[in-house]
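S.K.: First the structure, then my questions, so here it is.
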Amino acid sequence: MTEPLVLGLESSCDETGVGIVRGHTLLANEVASSVDLHVRFGGVVPEVASRAHLSALIPTIERAAEKAEIDLADVDAIAVTAGPGLMGALVVGLASAKALAAYLGKPLYGVNHLVGHVAVDLLDHGALPMPSIALLVSGGHTSLLHVEDIATKITEIGATIDDAAGEAYDKVARILGLSYPGGPVIDKLAQEGDPNAIRFPRGLTARHDLEKHRYDFSFSGLKTAVARWVEQRRLDGGHIPVADVAASFQESVCDVLTAKTAAAAQEYGVGTILLGGGVAANSRLRTLLEERANAVGIELRRPRPGLCTDNGAMIAAVASEVIRAGIEPSGLDISAHSGLPV
Ligand code: KG4
Ligand code: ZN
């Protein structure tokens, strides 16, 4: 039997994503971002994002179908992000997916956005080895997951107790007077800085923290430490070595993320670590996690940077696995859940 042809729609935040996959093969992945409309506010404005999805969805679907060289009538299933995300933004994607499913007479699958980030590497490197430990790092979430079956059994074993890793990047960028979103800017700038210039705190790594928060993260104290350091330098009338601050901040984030992920993989006895989410595009995180995984003989699966940030292909990839597992479609009455857990 040929693999199902799946159309995936993503609209949980500021990217309108449309992906088309056949099984594990990526045929098209078009993304229209409204990020330029949010830059002057220093963050995503929900109402602006919803309106942008509304105008971008149909042209993005048309572009994806053209790239994949398919007729929409030929798709076997439609997948859409059901949550978590901005309510108004999610509703635009869901309403469009329902209309398409009803019009084309195809089954509809509501997909968890976070599972999309974890699953997307199967489009780059094939079936995901199970069980595995996944590090999910995005603008809204930072979690360690024990993945026993990508379609049916994912358990969160740790998460941030305050800011998400991407949120910390965005906030530190603002402290340093850099543009939004801060992650890619700090990543680039850090390459010119010294990661050991300033020793910033490593959240939840002290022995007494590890007892209660073995696999949890905290980035809010780090952000405050960066703000204090910069403020003190300004009061002293000194120059701010922005690249050194960026590199030192990044080193703290990546050190904690990779140390806890490698420890979890060893303690759960898995052979593979999966990396996903917008922050997974970070060059230092990718290198350091690879070094630490190699050091303990664990395979690291990391999607190409372009598949790490929000996109529709990751949503279609999850639906492919759900169909493979023989799970029933969602039905046209599914609703959006802004706080949907993994
Ligand atoms: O997964 P994503 O595209 O959207 C959410 O679901 O949140 O992640 C967006 C986050 C932003 O905070 C952005 O600053 C961060 O990912 N990000 C990065 C990089 N590229 C995007 N953080 C660090 N380094 C990067 N290269
Ligand atoms: Zn995301």
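The values are calculated or read from the model by the stated rules, or taken from the named source; none is laboratory data. The structure presented is a predicted model; accordingly, all values stated were derived computationally and were not measured. Reconstructed Cβ throughout: ideal geometry from the backbone, glycine too, with neighbour counts over all protein chains shown.
S.K.: If we scan the range 37-55, do we find a residue that is within 17 Å of LEU307 (Cβ to Cβ), of a type outside the set (A, V, I, L, M) and away from ligand 2 (no atom under 16 Å from the Cβ)?
M.R.: Filtering the range 37-55 for residues within 17 Å of LEU307 (Cβ to Cβ) gives none.
Scanning the range 37-55, I find no residue that is within 17 Å of LEU307 (Cβ to Cβ), of a type outside the set (A, V, I, L, M) and away from ligand 2 (no atom under 16 Å from the Cβ), so the answer is no.
S.K.: If you go through the range 186-216 one residue at a time, how many are within 27 Å of SER33 (Cβ to Cβ) and in contact (Cβ under 8 Å) with a residue 60 or more places away in the chain?
M.R.: Counting residues in the range 186-216 that are within 27 Å of SER33 (Cβ to Cβ) and in contact (Cβ under 8 Å) with a residue 60 or more places away in the chain gives 4.
S.K.: Here is a further query. I'm told GLY158 meets every condition in (1) away from ligand 2 (no atom under 16 Å from the Cβ); (2) under 24 Å from ALA79 (Cβ atoms) except one. Can you identify the failing condition by its number?
M.R.: (2)
S.K.: Another question about this same structure. Six or more apart or on different chains, Cβ atoms under 9 Å: show the pairs whose first residue is in the range 132-157 and surrounded by 24 or more Cβ atoms within 10 Å (Cβ to Cβ) and whose second is among the polar types (S, T, N, Q) and assigned to a loop (DSSP other than H, G, I, E, B).
M.R.: VAL137/ASN282; SER138/THR309
S.K.: Tell me, yes or no, whether the range 233-249 has at least one residue that is part of a helix (DSSP H, G or I), away from ligand 1 (no atom under 13 Å from the Cβ) and hydroxyl-bearing (Ser, Thr, Tyr).
M.R.: Taking the range 233-249 as the starting set, the residues that turn out to be part of a helix (DSSP H, G or I) are 233-235, 242-249.
After this cut, where a residue has to be away from ligand 1 (no atom under 13 Å from the Cβ) as well, the list is 233-235, 242-245, 248.
Next, only the ones that are hydroxyl-bearing (Ser, Thr, Tyr) stay: 248.
Yes - at least one qualifying residue is present in the range 233-249.
S.K.: Still on this structure, please answer the following. I need the full set of residues from the range 84-123 which are farther than 21 Å from PRO303 by Cβ and either aromatic (Phe, Trp, Tyr) or in contact with a Ser or Thr (Cβ under 6 Å, 6 or more places away or on another chain) (or both), in order please. Give the steps one after another, and end with the answer.
M.R.: Our first condition is that a residue be farther than 21 Å from PRO303 by Cβ; within the range 84-123, this holds for 86-108, 110.
Matches in the range 84-123: MET87, GLY88, ALA89, LEU90, VAL92, GLY93, TYR103, LEU108, GLY110.
S.K.: In the range 261-292, what count of residues is obtained for those that are surrounded by fewer than 23 Cβ atoms within 10 Å (Cβ to Cβ) and out of contact with any Cys (no Cβ under 6 Å at 6 or more places or on another chain)?
M.R.: So the answer is 15.
S.K.: Right, another one. Tell me which residues, restricted to the range 1-21, are in a strand (DSSP E or B) and modelled with pLDDT under 95.
M.R.: Start the filter on the range 1-21 by keeping residues that are in a strand (DSSP E or B), which leaves 5-10, 15-21.
Correct list: empty.
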